[in-house]
Number of protein chains: 2
Amino acid sequence: MAALDLLGRRGALRIVWELREGRVLTFRALLAAAELPPGTLNTRLAELRAADVVAADGGYRLTARGAELIVALWPLMAWSEAWAASLRT
Amino acid sequence: MAALDLLGRRGALRIVWELREGRVLTFRALLAAAELPPGTLNTRLAELRAADVVAADGGYRLTARGAELIVALWPLMAWSEAWAASLRT
DNA sequence: AGAGGTGCTTCAATTTTTGTAGCAACATCA
DNA sequence: TGATGTTGCTACAAAAATTGAAGCACCTCT
């Protein structure tokens, strides 16, 4: 499961998530949104671009494949919120 | 998104995945299945148990919450396979 | 007693991540 | 023209995480 290896790296899922719904973010905006240091962000972006999940054309955005990933991520995010909510109780 | 932080650690998604469909694995079986060194596996298991995703009662298995996570993970796995398949072409 | 399985723990070496700083290129405004 | 802001990074040393191999203590079965 190579995709799990890619997405299981620190910040990878988070970066994809921050680019949901067609958002286009600059490197610095992603820096703030994903709460990562620049070195890590740059490493992740390189990996995600090599995997054809993220593209850079004047700001970072998801590729078509990345957009499919977001759809696949939706249930996970819903679980995350339920999980976080149950922790608060 | 705290769940992304938890699941974004090395091996976390993989461990959950290996325990899919009600599988009960011993520590050593998980070691081999998830391809992790024992120290890392132990750390992850502690985190996943603290998050009430994995339980240990004579072998490791998913909790009810972990089972819900697996359901939420299914689309992601389908995406992974499609992604891996397209890499092979 | 011996052989096998269990869940770990330990350790040093390597890899990864972090946080801060700063650079070079470009646009904007004066 | 120069000053200012923004861009995408890179550099560096320190801290944290991961690795891989070894081994320990405990249990069970023969």
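What the table shows:
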| read-out | value |
| --- | --- |
| Residues of the range A:1-50 satisfying the condition of being of a type in the set (Lys, Arg) and under 26 Å from B:ALA84 (Cα atoms) | A:ARG9, A:ARG10, A:ARG14, A:ARG20, A:ARG23, A:ARG44, A:ARG49 |
| Hits in the range B:8-32 - residues which are among the hydrophobic types (A, V, I, L, M, F, W, C), buried (at least 16 other Cβ atoms within 10 Å of the Cβ), within 12 Å of DNA strand D (Cβ to nearest atom) and more than 8 Å from the chain's Cα centre (by Cα) | B:LEU31 |
| Odd one out for B:VAL24, checked against (1) β-branched (Val, Ile, Thr); (2) away from chain A (no Cβ under 11 Å); (3) without any contact (Cβ under 8 Å) to a residue 12 or more places away in the chain | (3) |
| Hey, A:GLY66 over 12 Å from the mean Cα position of the chain (by Cα) and not hydroxyl-bearing (Ser, Thr, Tyr) or not | no |
| Options A:LEU87, A:LEU48, A:LEU62, A:LEU30: the member that is within 16 Å of DNA strand C (Cβ to nearest atom) and either at the interface with chain B (Cβ under 10 Å from one of its Cβ atoms) or closer than 19 Å to B:ALA78 by Cα (or both) | A:LEU48 |
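FYI, it's all coordinate maths here, none of it is from the lab. In this text, all values refer to a predicted model and were calculated from it rather than measured experimentally. Ideal geometry is used to build each Cβ from the backbone, glycine not excepted, and the neighbour counts take in all protein chains shown.
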